[in-house]
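Take a look at the structure below.
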Amino acid sequence: MKCILCGSNTNELLDKQFNQTYYSCHNCQLTFTDKSDLLSDEGELVQYSRHENSIDNHGYVQMFEDYLDYVLPTDFKGKGLDYGSGPEPVLSILLGRRGIDCDIYDPYYAKEEPFNMKYDLITSTEVFEHFYDPKLEIERIVEMLNPDGYLAVMTLFLNEEIDFQKWWYRRDPTHVTFYKVKTFEYLADKYNMKIQKINNKNIILLKKVQHTNEKI
């Protein structure tokens, strides 16, 4: 099986308990679910409808406030996009309260495609792990970023201390694509971005640089 992100060879990982197959890439270190185990669109939507992610959920809002405190550059000004905004666009509301105009996109809940637009900030919180085709999605995101634009991602990183077979994060059937820090280093190199911040747990901020030599 070739990696769905970089096209390199992979190792097969079998989960006999839940009868699922995963693949781990030798090159970019992405781990992803076999396509035969992916939910249908209807199945995904059923799972998402169970979430209670609203502006009235204090814990959920505080998580986003902490995330924005971490990733937003000082005195940031520009146009934003929340990619994978969910049923209620909480993050765009919070950005609006900070004076940042923010569009939303979600394949289920905000279907108007922004792919011909350009943005100075794209946020994607608890979304990357849902990508069935991460290469397609990430290339769309990078194309929408202006030079010097920021990509702020929240997704729980896979690391060497985690026993993948026992990892709770993959038990959500909509979580199908898992990233290591090395995966984001690969993405930064391939798509001419520079890592600005990373907490080595679940948040990374990347900047799209204008010229390759800016990364040196």
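Laboratory data are not the source of any read-out in this text; all were calculated from the coordinates shown. Source: prediction; values computed, not measured. Note that each Cβ is placed from the backbone with ideal geometry, even for glycine, and that neighbours are counted across all protein chains shown.
Things to note:
- Cα→Cβ-extended label distance, 7 Å offset, between GLN196 and LYS111, nm: 3.4
- With 0.36 nm allotted per residue and the present C-alpha distance subtracted, the GLN165-SER49 stretch has 39.1 nm of extension available.
- Filtered GluC sites (Glu not before Pro), region 144-198: DSSP coil and at most 11 other beta carbons within 10 Å: GLU160, GLU161
- Here ASP106, ASP69, ASP75 are placed in order of increasing Cβ neighbour count within 10 Å, fewest first, which gives ASP75, ASP69, ASP106.
- For region 71-132, the alpha-carbon coordinates run over 34, 23, 18 Å along the three principal axes, in decreasing order.
- Radius 14 Å from Cβ of TYR119, net charge of other residues (Lys, Arg +1; Asp, Glu -1): -1
- Neighbour-count ranking [beta-carbon atoms within 10 angstrom, fewest first] of TYR70, TYR186: TYR70, TYR186
- Dipole magnitude of the chain about its Cα centre (Cβ charges: Lys, Arg +1; Asp, Glu -1), debye to nearest 20: 660
- Projecting the Cα positions of PRO134, VAL209, GLN62 onto the charge dipole of the chain (unit charges on Cβ atoms of Lys, Arg, Asp and Glu, taken about the Cα centre) puts VAL209 furthest along the positive direction.
- Along the chain, the exposed loop sites are trypsin sites (Lys or Arg not before Pro) outside DSSP states H, G, I, E and B with at most 16 other Cβ atoms within 10 Å, and the longest stretch free of them is 119-200.
- Selection from THR123, VAL176, PHE76, by position along the positive dipole direction of region 42-190 (Cβ): VAL176
- Kirkwood-type radius of region 75-185, with distances r between different C-alpha atoms, in Å: 15.0
- The stretch between ASP41 and ASP148, if pulled fully straight at 0.36 nm per residue, gains 35.1 nm over its current Cα-Cα span.
- For region 130-216, the normalised intensity computed at q = 0.12, 0.15, 0.19 Å⁻¹ comes to -0.39, -0.59, -0.90 (log10 of I(q)/I(0), Debye sum over alpha carbons, equal scatterers, no solvent).
- Dipole-positive endmost among PRO114, VAL153, GLY86 within the chain (Cβ charges, Cα centre): VAL153
- Efficiency of FRET from Cβ geometry, LYS77 and GLN20, R₀ 35 Å, rounded to 0.05: 0.20
- Restricting region 1-110 to GluC sites (Glu not before Pro) in coil, as DSSP defines it, with at most 11 other Cβ within 10 Å: GLU52
- Note on the chain: Cα Rg divided by 2.2 N^0.38 Å, N the number of residues, gives 1.00.
- Over the chain: helical MRE at 222 nm, DSSP H runs n ≥ 4 each giving -39500 (n - 2.57), nearest 500: -7000 deg cm²/dmol
- Dipole magnitude for region 69-147: about 260 debye, using +1 per Lys or Arg Cβ and -1 per Asp or Glu Cβ, origin at the Cα centre.
- Within region 1-61, chymotrypsin sites (Phe, Trp or Tyr not before Pro) in DSSP loop having at most 12 other beta-carbon neighbours inside 10 Å: PHE18
- For the set LYS16/LYS182; LYS2/LYS201; LYS2/LYS77; LYS77/LYS166; LYS118/LYS197; LYS79/LYS166, the pairs lying more than 31 angstrom apart at their alpha carbons are LYS2/LYS77; LYS77/LYS166; LYS79/LYS166.
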